[in-house]
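In what follows, a single structure is set out as structure tokens and then discussed.
The values are calculated or read from the model by the stated rules, or taken from the named source; none is laboratory data. Here the structure is a predicted model, which is why all the values come from computation and not from measurement. FYI the Cβ positions are ideal-geometry reconstructions off the backbone, even for glycines, and counts take in every protein chain you see. Side chains included, ligands, DNA and RNA excluded: accessible areas come from the protein's heavy atoms. Shrake-Rupley method; radii C 1.70, N 1.55, O 1.52, S 1.80 Å.
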Amino acid sequence: MPDVTQDHLVERLRDEISATDEEIVAAVNRRMKLVAELHAHKRAQGYEVLDPAREEHVIQHVVDTNAGPLSDAGLRELYELLLPLCTREAAGA
């Protein structure tokens, strides 16, 4: 059986995937900090923190601008996890 650890293409693609994962984590952390800032401002102004209509708008916007290959359903699923995660994490920040 061939040794996958000796395949340079596998190594290069794995390196690119790892770099992309780091970019994703950085982007999620930036988003979470912005959510924390937004929620703090909303609380200070007496606004409702959660806005389901806005969340649906955010999801629909990313779906509308999605060029793939991630499916629209997959992108919707991702954001249905991401939005409450950012809210929950921002509350603890």
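With each run of n ≥ 4 DSSP H residues scored as -39500 (n - 2.57), what mean residue ellipticity at 222 nm is computed for the chain after dividing by its residue count and rounding to the nearest 500 deg cm²/dmol?
Working: 3 runs with 71 residues, N = 93.
Mean residue ellipticity at 222 nm (helix-derived): -27000 deg cm²/dmol.
Just order 71-78, 82-89 by mean Cβ neighbour count inside 10 Å, highest at the front, would you? Walk me through the intermediate numbers first.
On the way: 71-78: 12.9, 82-89: 15.9.
Taking the mean over residues of other Cβ atoms within 10 Å, the ranking is 82-89, 71-78.
Taking 0.36 nm per residue of separation and subtracting the Cα-Cα distance, what length does fully extending LEU70 through VAL4 add?
On the way: separation 66, 0.36 × 66 = 23.76 nm, distance 2.68 nm.
Length gained between LEU70 and VAL4: 21.1 nm.
With every protein chain left in place, what is the accessible area per residue of the chain in square angstrom, probe 1.4 Å? Working shown, then result.
Working: 7380 Å² over 93 residues.
Value for the chain: 79 Å² per residue.
Whenever you get a sec, compute what percent of the accessible area on region 28-93 sits on carbon and sulfur atoms (1.4 Å probe). Working shown, then result.
Details: 2760 of 4840 Å².
So the carbon and sulfur contribution to the accessible surface is 57 percent.
Once the Cβ-Cβ distance between HIS41 and GLU80 is put in as r, and R0 is 30 Å, what FRET efficiency do you end up with, to the nearest 0.05? Don't skip to the answer; put the middle values down first.
Values: r = 24 Å, r/R0 = 0.82.
My answer for the efficiency is 0.75.
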**Fill in**
Farthest towards the positive end of the dipole of region 45-93, among LEU81, HIS61, ALA91 and with Cβ unit charges of +1 on Lys and Arg and -1 on Asp and Glu, lies the Cα of ALA91
**Message:** Principal axis extents for the chain, Cα atoms only, whole Å, descending order, please.
**Reply:** 64, 29, 18
**Message:** If you average the alpha carbon positions of region 67-93 and of region 18-53, how far apart do those two centres end up, in angstrom?
**Reply:** 11
